[in-house]
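K.L.:
Okay, here's the structure, questions in a sec.
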């Protein structure tokens, strides 16, 4: 039997309701040998029971933590159990396609890349609409000597069928954590993922760190995956989503990015801070308003007035309560580090219960 040279670390992104579709997709469309570590951060009982049964049947390692995890906390829990040359981080709301993993590993082998990212699509039907096809992430110095972050996502919203012939393997600067292959040696050099990033820009931080250390990043379009946004109207999904995209977590992550990389409070950050909560408004408040009004409110201006006027204060109160409670119980204050000392950041991985099955597939 061929010994796997890659470990998949699957972890929660913003919901639990897509777990089965995600896991079945991986096993259906992945032919090459792999290990799998599944990090379960406080999923509801039916999902937890499903994962336990699947871990027993398929022989992967299941790590259960009985509270919600930040994305980098979850990834570090899985990373601590990786013993292969490559690790691929996969969010639990992703659907993969045939040959996806082989293409990522082949690209890394042939280019020596430290990070490889796939063609990332969004929404259903899967693999049709581009979310991310290569990107930019670099620090530039303007004419006044100020450091600025340049971040760009390419081809978002374009149709795969219309641009596929233009896409080719190419050096990149940015890969998102929806699906990302990383050489395990990267973490020997840089240390674990920085848990000072609670919910956003952790991919920017890793890519900047790898580039600064001299590592190569590649975009590999023959590997195609799709992330499928959306939540079920269940307390588990709503609770995780509200926490994952809380104002406090996003504000703290942006401050950490700015301080760690010595960036000014410029328009990049002011725009991000001004838009705090937009995901909750789109995914929770707007659907809730339609339910409350039986779909009678169709005027976008009226909807906006009602959403910001009637629902926004309630959203903010609930949001502050959830983040405050979670912080008291489970979060230590994130350590803000200078870039020069980022290789010394400690891991703050929670302890979990482990299903000690073999994990080769």
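K.L.:
Under 18 Å from the mean Cα position of the chain (by Cα), free of Cβ contacts under 8 Å to residues at least 60 places away in the same chain and outside the structural domain of residue 326 (by TED's automatic domain parsing), is that true of residue 173?
P.N.:
On the way: under 18 Å from the mean Cα position of the chain (by Cα): yes; free of Cβ contacts under 8 Å to residues at least 60 places away in the same chain: yes; outside the structural domain of residue 326 (by TED's automatic domain parsing): yes.
The answer is yes for residue 173.
K.L.:
Just checking, does segment 149-156 include any residue being more than 19 Å from the chain's Cα centre (by Cα), assigned to a strand (DSSP E or B) and surrounded by 17 or more Cβ atoms within 10 Å (Cβ to Cβ)?
P.N.:
yes
K.L.:
Name, by its number, the condition in (1) assigned to a helix (DSSP H, G or I); (2) without any contact (Cβ under 8 Å) to a residue 40 or more places away in the chain that does not hold for residue 253.
P.N.:
Against the list (1) assigned to a helix (DSSP H, G or I); (2) without any contact (Cβ under 8 Å) to a residue 40 or more places away in the chain, residue 253 comes up short only on (2).
K.L.:
When segment 299-333 is examined, which residues are found to be outside any helix (DSSP H, G or I) and either free of Cβ contacts under 8 Å to residues at least 12 places away in the same chain or surrounded by 11 or more Cβ atoms within 10 Å (Cβ to Cβ) (or both)? Please lay out each step first, then the result.
P.N.:
Initially, segment 299-333 is screened for residues outside any helix (DSSP H, G or I), giving 299, 331-333.
Hits for segment 299-333 are 299, 331, 333.
K.L.:
For segment 232-241, check the following and say yes or no: at least one residue is without any contact (Cβ under 8 Å) to a residue 60 or more places away in the chain, outside any helix (DSSP H, G or I) and over 29 Å from residue 41 (Cα atoms).
P.N.:
Scanning segment 232-241, I find no residue that is without any contact (Cβ under 8 Å) to a residue 60 or more places away in the chain, outside any helix (DSSP H, G or I) and over 29 Å from residue 41 (Cα atoms), so the answer is no.
K.L.:
Can you spot a residue in segment 271-286 that is more than 25 Å from residue 68 (Cα to Cα), out of contact with any strand residue (DSSP E or B) (no Cβ under 7 Å at 6 or more places or on another chain), surrounded by 12 or more Cβ atoms within 10 Å (Cβ to Cβ) and touching a residue at least 12 places away in the same chain (Cβ under 8 Å)? Walk me through it before giving the result.
P.N.:
Within segment 271-286, the first condition is being more than 25 Å from residue 68 (Cα to Cα), and the residues that meet it are 271, 274.
Then keep just the ones that are out of contact with any strand residue (DSSP E or B) (no Cβ under 7 Å at 6 or more places or on another chain); that gives 271, 274.
Within this subset, residues satisfying the condition of being surrounded by 12 or more Cβ atoms within 10 Å (Cβ to Cβ) are none.
Within segment 271-286, not a single residue is more than 25 Å from residue 68 (Cα to Cα), out of contact with any strand residue (DSSP E or B) (no Cβ under 7 Å at 6 or more places or on another chain), surrounded by 12 or more Cβ atoms within 10 Å (Cβ to Cβ) and touching a residue at least 12 places away in the same chain (Cβ under 8 Å).
K.L.:
Right, something else. Go through segment 93-148 and give me each residue that's part of a loop (DSSP other than H, G, I, E, B) and over 19 Å from the mean Cα position of the chain (by Cα). Outline the logic, then answer.
P.N.:
As a first pass, look at segment 93-148 and keep what is part of a loop (DSSP other than H, G, I, E, B): 93, 97-99, 112-114, 123-128, 133-134, 142-146.
Of everything in segment 93-148, those that are part of a loop (DSSP other than H, G, I, E, B) and over 19 Å from the mean Cα position of the chain (by Cα) turn out to be 98, 99, 112, 113, 125, 128, 142, 143, 144, 145, 146.
K.L.:
Which condition number does residue 342 fail, the rest of (1) surrounded by fewer than 18 Cβ atoms within 10 Å (Cβ to Cβ); (2) within 23 Å of the chain's Cα centre (by Cα); (3) in a helix (DSSP H, G or I); (4) at pLDDT below 80 being met?
P.N.:
Residue 342 satisfies every listed condition except (1).
K.L.:
Right, next: For segment 181-193, what are the residues that are assigned to a loop (DSSP other than H, G, I, E, B), surrounded by fewer than 24 Cβ atoms within 10 Å (Cβ to Cβ) and touching a helix residue (DSSP H, G or I) at 6+ places or on another chain (Cβ under 6 Å)?
P.N.:
Quick first cut of segment 181-193, residues assigned to a loop (DSSP other than H, G, I, E, B) only: 184, 191-193.
Okay, now just the ones that are also surrounded by fewer than 24 Cβ atoms within 10 Å (Cβ to Cβ), so 184, 191-192.
Listed by number, the residues that qualify are 191, 192.
K.L.:
Collect the residues in segment 256-271 that are within 16 Å of residue 205 (Cα to Cα) and not in a loop (DSSP other than H, G, I, E, B), keeping them in residue-number order.
P.N.:
Passing the criteria: 256, 257, 258, 259, 260, 268, 269.
The values are calculated or read from the model by the stated rules, or taken from the named source; none is laboratory data. Since this is a predicted model, take the numbers as computed values, not measurements. For neighbour counting, all protein chains shown are included, and Cβ atoms are generated from backbone atoms with ideal geometry for every residue, glycine included.
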